[in-house]
Amino acid sequence: MTEPNQPISGNDLARFSGPNTFMRLPQATALDGLDVAILGIPMDIGTSWRSGTRFGPKQIRAESAMIRPYNLQTGAAPFDSLNMADIGDLAINTFSLSDSLRIIQESYGRILTNPAIPVAMGGDHSITLPILRAIAKKHGPVALVHVDAHADVNEEMFGERETHGTVFRRAWEEGLIEPTKTYQVGLRGTGYSATDFTEAQGWGFQMWLAPDLWHRSLVELGAEIRRDIGNRPTYVSYDIDSLDPAFAPGTGTPEIGGLTTPQAMELIRGLRGLNIVGCDMVEVSPPYDPSGNTALTAANLLFELLCVLPGATYR
Ligand code: MN
Ligand code: MN
């Protein structure tokens, strides 16, 4: 077997040069031989407040250039065993949300004819609905780990049924996810009504509100979710606004009182051993991220996700 693709080392080529791919991995046009396909979905026309996530993939890639391939805390060495590449951006239609969602679903349909696990950099959260439509076609209804300040279960927004705030109601209606194996972590903030969260709990969704997680380690929660899911195919959707705006200010709909960066790392590390069939990192909005910390955090959390994908080796 040939050596899996490696990120370009900062000792071989200065970190501030080279290709703007995730962790400076090779850019691939074909998916043959890949275990993991990292891609960008540069889109912000599904947002309801601040825009800017169209620049998310570009900036996450830029900040990812500093990440080294070995996880010194967990021992993960994902690039030793998984062949990964950055397959570039999807050619969405920035003038039409519905056409963009169609393009995403069709693109994922093609990607999923290969064994590679797709890892998406958004983009606003509306990208996850067409992804789940394609994923469910291949794997059936999946378990869902959804980390977010928001439940994203609105019936509609301005009469539109497909937006970044309606994703998981549609996914439930369409049978794309297993409702009793759906875990929403980090929810908080103000609501449209007093019962915004309770209806989805009635469908079977399990919710952890941020205030109930304040000052707590999430190691146990990660383990609890992992045990409850077992070996079901699982999708992980990570909205960066799950973090407190102190840690991740560069996002479209920030809510105070969120998760800390260490909590996010504990939660993701706790998912090791799950049969993850796809994941995404969404809602990074570089125009609201002057320090770059939000994109830097998103890039590192994506690396943590790569470390818990099936087949990632540990040293
Ligand atoms: Mn969201
Ligand atoms: Mn959100």
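Miscellaneous remarks
- Whole-percent carbon and sulfur share, accessible surface of the chain, 1.4 Å: 53
- Neighbour net charge for Thr261 - beta-carbon separation under 13 angstrom, K R +1, D E -1: -2
- Projecting label points 7 angstrom from Cα along Cα→Cβ for Asp32 and Arg216 puts them 5.0 nm apart.
- Computed from backbone phi, the HN-Hα couplings of region 68-74 come to 9, x, 10, 8, 6, 8, 9 Hz, rounded to whole numbers (Karplus: 6.51 cos²θ - 1.76 cosθ + 1.60, θ = phi - 60°; Gly and Pro given as x).
- Per residue accessible area of the chain, 1.4 Å probe, in Å²: 41
- With 0.36 nm allotted per residue and the present C-alpha distance subtracted, the Ala77-Thr313 stretch has 84.4 nm of extension available.
- Candidates Lys138, Lys181, Lys58: whichever shows maximal mean-square fluctuation once the chain is modelled as a Gaussian network with Cα springs under 10 Å: Lys138
- Taking amide H atoms as placed 1.01 Å from N in the peptide plane, the amide H of Leu144 lies under 5 Å from those of Glu178, Thr182, Tyr183, Tyr235, each 5 or more residues away in sequence or on another chain.
- For Gly88, the residues whose modelled amide H falls within less than 5 Å of its own, excluding neighbours fewer than 5 places apart on the same chain, are Ala28, Gly40.
- Taking Arg110, Arg133, Arg226 in turn, the Gaussian network model of the chain (Cα-Cα springs below 10 Å) assigns the largest fluctuation to Arg110.
- The phi-based Karplus calculation (6.51 cos²θ - 1.76 cosθ + 1.60; θ = phi - 60°) puts the 3J(HN,Hα) values of region 6-20 at 10, x, 5, 6, x, 8, 9, 8, 3, 4, 8, 10, x, x, 8 Hz, whole numbers, x for Gly and Pro.
- Largest GNM mean-square fluctuation across Gly123, Gly257, Gly56, computed for the chain with C-alpha springs under 10 Å, falls on Gly257.
- Only helices enter the 222 nm calculation for the chain: every DSSP H run of n ≥ 4 contributes -39,500 (n - 2.57), and dividing by all residues gives -8500 deg cm²/dmol, rounded to 500.
- Extension gain, Glu224 back to Glu3 (0.36 nm per residue minus Cα-Cα distance, nm): 76.0 nm
- Within the straight-line cut-off of under 21 Å between alpha carbons, the lysines reachable from Lys181 are Lys137, Lys138, sequence neighbours fewer than 8 places apart in one chain being disregarded.
- Once the gyration tensor of the Cα atoms in the chain is diagonalised, the equivalent ellipsoid follows with semi-axes of 27, 21, 20 Å, ordered largest first.
- Förster-model FRET efficiency, 35 Å R0, Arg68 and Thr195, C-beta, rounded to 0.05: 0.15
- Amide H contacts of Ile117 (H built 1.01 Å from N, under 5 Å, at least 5 apart or other chain): Val36, Ala37
- Within the shell defined by Cβ-Cβ distances under 10 Å, the residues around Leu39 carry a net charge of -3, with Lys and Arg each +1 and Asp and Glu each -1.
- Across the chain, the mean sequence separation of Cα contacts (distance under 8 Å, 6 or more residues apart), normalised by length, yields a relative contact order of 22 percent.
- Were the residues from Lys137 through Arg15 laid out at 0.36 nm apart, the gain over their Cα-Cα distance would be 40.0 nm.
The values are calculated or read from the model by the stated rules, or taken from the named source; none is laboratory data. The model shown is predicted, which means the values in this text are computed figures rather than measured ones. Cβ: placed from backbone, ideal geometry, glycine included. Neighbour counts: every protein chain shown. For the accessible areas, the whole protein counts, side chains as well, though only heavy atoms, and no ligand, DNA or RNA atoms are used. Shrake-Rupley method; radii C 1.70, N 1.55, O 1.52, S 1.80 Å.
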